[in-house]
Amino acid sequence: MEMMPDFKDIKYQRPDLNVITEEIRDLRLRLMTTQDIDQASDILLEYEKLIADFNTMYELCIILHDLDTSDEFYTDELEYYDEATATLSELSSAMLQVMVNCPCADKIKEKYGEMIFRKAANHKETISPEVIDDYAQESSLQNDYSQIQSEASIDFEGKTLNLSLLSPYLESTRRKTRKEAHKVLDEYYMGKKETFDKIYDDMVKIRTNIAKKLNCETYTELGYKLMERYDYNAKDVEMFRNAVLKYIVPLTVQIRKLQKERLGVEELMFYDLPTLFEKGNPVPSIPGISYEHVAGDFFAKIFGSSPSFFEVLSEHGFTDLLSRKNKSTGGYCMYLDSFAIPYIFMNGNGTADDVATIVHEGGHAYAAVKSADVSPFAECLSPTLETCEIHSTSMEFLSYSFMEMFYGDKAEQYRELHMTQALLFLPYGCMVDEFQHIIYDNPDMTPDERHGVWKKLEEKYQPFIKYDEDHPFHAMGGAWMKKDHIFTSPFYYIDYCLAHICALQLWDLSREDMKLALMKYNKLCSLGGTDTFLNLLKQSELDSPFDVNVIKRIAYACCEFLNL
């Protein structure tokens, strides 16, 4: 990271799609005829630079928009990318097809490996000229949903709050406060229900239409291709969900029974669920303004290297950690391709989620730095998303023995909270996934029928949920509308669940041998996207999350840790 720029000095400039189109066409023609591997390599590197430069401006636009959603310039710019990214995807697919069929394809494969050829074949099946406009329309709908969420304005206790700033009230130790906070949240989403129903209905229709045009039976089939699931399928995922139902859901029922006793309530209601401890969930013992400094120290200690990558990122302005008005919700790590630098974005609000998010997004950033030179192809620097989520989720669990840095004498309480939330998350994640399978396998459902599906799935995966008359939106099966992945990243959510099972393997190992756990973690990070999910696990000596015995073993280890 020598000669690293400051984030504020990176200037945004809209890429000229016409120029890029001509340059890629020229490169394509040259690649078609060359028989020299060195020339072919130079052509491919030129192409990769074009793609990296375009992606960097798009990524920069997203970040600048999310830092201040009231700036209409970047909101308007994002509309440009709705169409531009779809067009570029088609150009990329055409370029990769030429690579696959060019005279020195075998030499390219020998030099750079098979993964880029797998991606080229998959690209061909997921893009064509006749779906470009559909993909652009889908992207526009995604932006509509995200913009509405980021502009949420909720009046509560004399304050005007966005969704992130309302979160602490949802887990208040005062039952009356958290009930009322959930009530205003319910009212907010009830007011948006018709809008979100329409957006999602349009999304389902457009995605189904794209799938049909690409000769897929349903969008589920296309969704798996878009997620680049090369070595597992919907049946494997279904078996995974069933194993979670069998081995994890009973633990969550027990967790809720203990929570009911802890809180001393006659009946545990849905607005009680976020508050796992009578005196409240543990919150960081350090102020938000110290997050960057302490996180920098944490990463230096866990990896034995100073200054840590996090300190370098912070020093150069590539982190923005605290929630504020007009800042978009959520958290992410965005990789700026041309600079090989990750950017960490989150919404710290003084809750336990803050620290988990810092180390989670820090895990993504660390992996990005570790694999920055693993391939000349940007497509192969980062693995498929379930592997990316191992990078981040593992860091959450490997951080346990360092949590005193953030929580002081409440560190043990945080560890208990975090592990409890991990177990509670697994069924929820499976529920989100099964919901999407049902919806896309039955695209003609009405909005009311979709809400009915969610309600039944809640009974299956979260049998402890009880609603009252003050929360009609949630009671009728509306809670899925709060989950942005369902709108913006179809079929992504199960990746978090698969990653949790892999991350918990590393956590279990770290209790006996932290050095070995970190060695396996580093191996996985350093491989980047050079192989498929299950092959990357094998190379890192991790077990497949689709092995029911692995889920069973993890369930027992977590059970013992929490004294369930």
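Kindly rank 338-348, 314-324 from highest to lowest mean number of other beta carbons found within 10 Å of each residue.
Taking the mean over residues of other Cβ atoms within 10 Å, the ranking is 338-348, 314-324.
Over what distance in Å are the Cα centres of the range 153-219 and the range 493-529 separated?
Between the Cα centres of the range 153-219 and the range 493-529 lies a distance of 32 Å.
Using the per-residue mean of other Cβ atoms lying within 10 Å as a proxy for protection, in what order, highest first, do the peptides 259-267, 291-299 fall?
291-299, 259-267
Taking the Cβ of N349 as the centre, find all other residues whose Cβ is under 14 Å away and add up their charges (Lys, Arg: +1; Asp, Glu: -1).
0
Using a probe radius of 1.4 Å on heavy atoms only, what accessible surface per residue do you get for the chain? Whole Å² is fine.
Ligands and nucleic acids excluded, the figure is 42 Å² per residue.
Hey, how many Å between the Cα centroid of the range 539-553 and the Cα centroid of the range 448-491?
Result: 30 Å between the Cα centres.
With Cβ to Cβ distances under 12 Å as the rule, what net charge do the other residues near L457 carry (K, R +1; D, E -1)?
Net charge in that neighbourhood comes out at +1.
Given a 1.4 angstrom probe, I'd like the percentage of the accessible area of the chain that is carbon and sulfur, rounded to a whole number.
In the chain, the share of accessible area belonging to carbon and sulfur is 49 percent.
In what sequence, highest mean first, do 277-290, 222-235 appear when ranked by Cβ atoms within 10 angstrom?
Per-residue Cβ counts within 10 Å, averaged per peptide and sorted highest first, yield 222-235, 277-290.
Under 17 Å from the Cα of K8, which aspartates and glutamates turn up, not counting those fewer than eight places away in the same chain?
E59, D66, D68, D71, E311, E315, D320, D337
For F425, what charge total do you get from the other residues with a beta carbon under 13 Å from its beta carbon, if Lys and Arg give +1 and Asp and Glu give -1?
Residues close to F425 contribute a combined charge of -4.
The values are calculated or read from the model by the stated rules, or taken from the named source; none is laboratory data. Keep in mind it's a predicted model, so treat the numbers as computed, not measured. Please note: Cβ atoms are built from the backbone with ideal geometry, for glycine as well, and neighbour counts cover all protein chains shown. Side chains are part of the model used for accessible areas, which takes the heavy atoms of the whole protein and leaves out ligands, DNA and RNA. Shrake-Rupley method; radii C 1.70, N 1.55, O 1.52, S 1.80 Å.
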